[in-house]
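Trainee: After the structure tokens below, expect a handful of questions from me.
The values are calculated or read from the model by the stated rules, or taken from the named source; none is laboratory data. This one's a predicted model, so the numbers in the text were calculated from it and none came from an experiment. Positions of Cβ are generated from backbone atoms using ideal geometry, with glycine treated the same way; all protein chains shown enter the neighbour counts.
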Amino acid sequence: MTDQSAPPDGPPPLSDEQRVVRERGYARLLLLAAAAGIPVSLVAFGFLALMHAMEHAVWNHLPEALGMEVAPWWWALPWLALGGLLVGTAIRWLPGHGGHVPLDGLAIGPVAASAVPGILLAALGGLPLGAVLGPEAPLLALGSAVALMVLRPLARTDDPTAIALITTAGAAAALSAIFGSPVVAAIFVVEAAGIAGPRLARVILPCLLSSGVGALVFTGMGAWTGLGIASLALPDLDAPVRLDLGDVLWSVPVSLVIAVGVRQTFRLGEQAKVRASRRPFEYAVLGALVVGVCASAYALTTGRSPQEVALSGQELLAPLAADPAAWSVPVLIALILLKAVAYGVSLGTLRGGAIFPAVLLGAATGALFSGLPGFGAVPALAVGMAAATAAVLPFPVSSAVLVVVLLGPSAPQMAPVVLIAVVVSFFAEQYILRPRREARSAGSATSASSAASGA
């Protein structure tokens, strides 16, 4: 056993973190992580550019070519029926089942090359055609798979630790553009992987390096090709110079309301997931049609485009945040209720990520509550986005950093209510709502077992 102590007149002992970064081979792993950022970001850029082009072709260019100013109320139904067929095919018959169920959270880990075709079919067949989910889950899977396929032969290792580091760095590179910041991507991946202590020192530098290289490649590819990719972004908001007392006080009950609303949406997703686990193809088609019905109902009742309920909500976020007063209360209520139903069904039956629709729903709820006395529009948006993100993700640090980055120049003024909303929503979800739900589930299981034994 090595003595870690040092003589009184010698150098101080190394910390765990210092020993990790001085390990033999660690510099080589850093170079591999930097190299992972290049192929992963190229693949991710192509994926996002193709998805962006497909979405605009279906929802904007094709209606215009047919002489329509906006997509008509029924437009979502045939496209989502097609999307359900494609996603259901990937889930039912292709290796990897089209990726993980969105309700189960984001998985950070090695993804086999054989699963990539199914992941691509489920993502490109569902997300651009109207599934109420985001691209972050397939991006994570693609980043891990590409990094593993390209770099494992170069690394010449079967060491599980090295393989995990390579795939984690690849996931960080893939997420760096969609979150609009390499730092957010690195923090998100590290927190999602549950890394702490010396393991954090081992992984954080490769993730930062890989996501930074990925962000550079994304920027260069966008300028060189002229192709558009959508990432979470807000316009510069006209934030107040300081928060009022009303903004701070309202942030607590509004965050609680949003946490409860997210929990109800996830309960719908859990019910859909149970049924879809038995008949995945049929329920993928049925789930997609439910999304189409919600989008059509929204268009019929509000006179607006069904696109606002369909899709992830990523592109709707900017216009909503830029002028929340332009959205009437009935329209906001219809948007929140119908998109929440579509989101819950999508979580259990389709494939994609859970973050983007949650951010949009949080912003819409914030806009709705901004009419409360003493609650400003920008603080309400910040609280709504932070509370919804923290209720969806079990990663409070990532939730807070993501919303702060989204707020841009308004972040210094809005940071206090963002942090309050994240803590309140996260605490309510993890320590109040979830334990009650688990207790009810355990009680139901016990009752069913007792009834079965009695019979």
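Trainee: Does region 87-100 include one or more residues that are part of a helix (DSSP H, G or I), closer than 30 Å to residue 303 by Cα and not hydroxyl-bearing (Ser, Thr, Tyr)?
Mentor: yes
Trainee: Now a separate question. Conditions: (1) assigned to a loop (DSSP other than H, G, I, E, B); (2) in contact with a Leu (Cβ under 7 Å, 6 or more places away or on another chain). Residue 371 meets all but one. Number of the miss?
Mentor: Among (1) assigned to a loop (DSSP other than H, G, I, E, B); (2) in contact with a Leu (Cβ under 7 Å, 6 or more places away or on another chain), the lone unmet condition for residue 371 is (2).
Trainee: Which residues, counting only those in region 94-114, are aliphatic (A, V, I, L, M), modelled with pLDDT under 95 and more than 19 Å from the chain's Cα centre (by Cα)?
Mentor: Of everything in region 94-114, those that are aliphatic (A, V, I, L, M), modelled with pLDDT under 95 and more than 19 Å from the chain's Cα centre (by Cα) turn out to be 112, 113.
Trainee: A follow-up question, please. I need the full set of residues from region 124-153 which are in a loop (DSSP other than H, G, I, E, B) and at pLDDT 95 or above, in order please.
Mentor: Answer for region 124-153, where residues must be in a loop (DSSP other than H, G, I, E, B) and at pLDDT 95 or above: 127, 128, 129, 130, 131, 132, 133.
Trainee: Residues in region 412-453 that are modelled with pLDDT of 65 or more and either in contact with a Gly (Cβ under 9 Å, 6 or more places away or on another chain) or of a type in the set (S, T, N, Q) (or both): how many?
Mentor: Residues that pass the stated criteria total 4.
Trainee: Also, quick follow-up: Out of the residues in region 295-310 meeting the condition of being in a helix (DSSP H, G or I) and not hydroxyl-bearing (Ser, Thr, Tyr), tell me which one is farthest from residue 126 (Cα to Cα).
Mentor: Per the criteria, the residue is 300.
Trainee: Of the residues that make up region 380-389, is at least one farther than 17 Å from residue 251 by Cβ, outside the structural domain of residue 139 (by TED's automatic domain parsing), within 18 Å of the chain's Cα centre (by Cα) and touching a residue at least 24 places away in the same chain (Cβ under 8 Å)?
Mentor: Checked against the condition, which is being farther than 17 Å from residue 251 by Cβ, outside the structural domain of residue 139 (by TED's automatic domain parsing), within 18 Å of the chain's Cα centre (by Cα) and touching a residue at least 24 places away in the same chain (Cβ under 8 Å), region 380-389 yields no hits at all.
Trainee: Would you mind stating whether residue 121 is in a helix (DSSP H, G or I), of a type in the set (A, V, I, L, M, F, W, C), within 17 Å of the chain's Cα centre (by Cα) and not assigned by TED's automatic domain parsing to the domain that holds residue 338?
Mentor: For residue 121, the condition - in a helix (DSSP H, G or I), of a type in the set (A, V, I, L, M, F, W, C), within 17 Å of the chain's Cα centre (by Cα) and not assigned by TED's automatic domain parsing to the domain that holds residue 338 - is not met.
Trainee: Let me ask another. Looking at the structure I just gave you, is residue 64 free of Cβ contacts under 8 Å to residues at least 12 places away in the same chain, assigned to a helix (DSSP H, G or I) and among the acidic types (Asp, Glu)?
Mentor: yes
Trainee: Of the residues 292, 344, 313, 287, only one is within 19 Å of residue 124 (Cα to Cα), touching a Phe, Trp or Tyr at 6+ places or on another chain (Cβ under 8 Å) and either in a helix (DSSP H, G or I) or of a type in the set (Phe, Trp, Tyr) (or both); which?
Mentor: 292 is the lone residue from the list that is within 19 Å of residue 124 (Cα to Cα), touching a Phe, Trp or Tyr at 6+ places or on another chain (Cβ under 8 Å) and either in a helix (DSSP H, G or I) or of a type in the set (Phe, Trp, Tyr) (or both).
Trainee: Based on this model, can you work out whether residue 140 counts as out of contact with any Gly (no Cβ under 9 Å at 6 or more places or on another chain) and either of a type in the set (Ser, Thr, Tyr) or buried (at least 17 other Cβ atoms within 10 Å of the Cβ) (or both)?
Mentor: no
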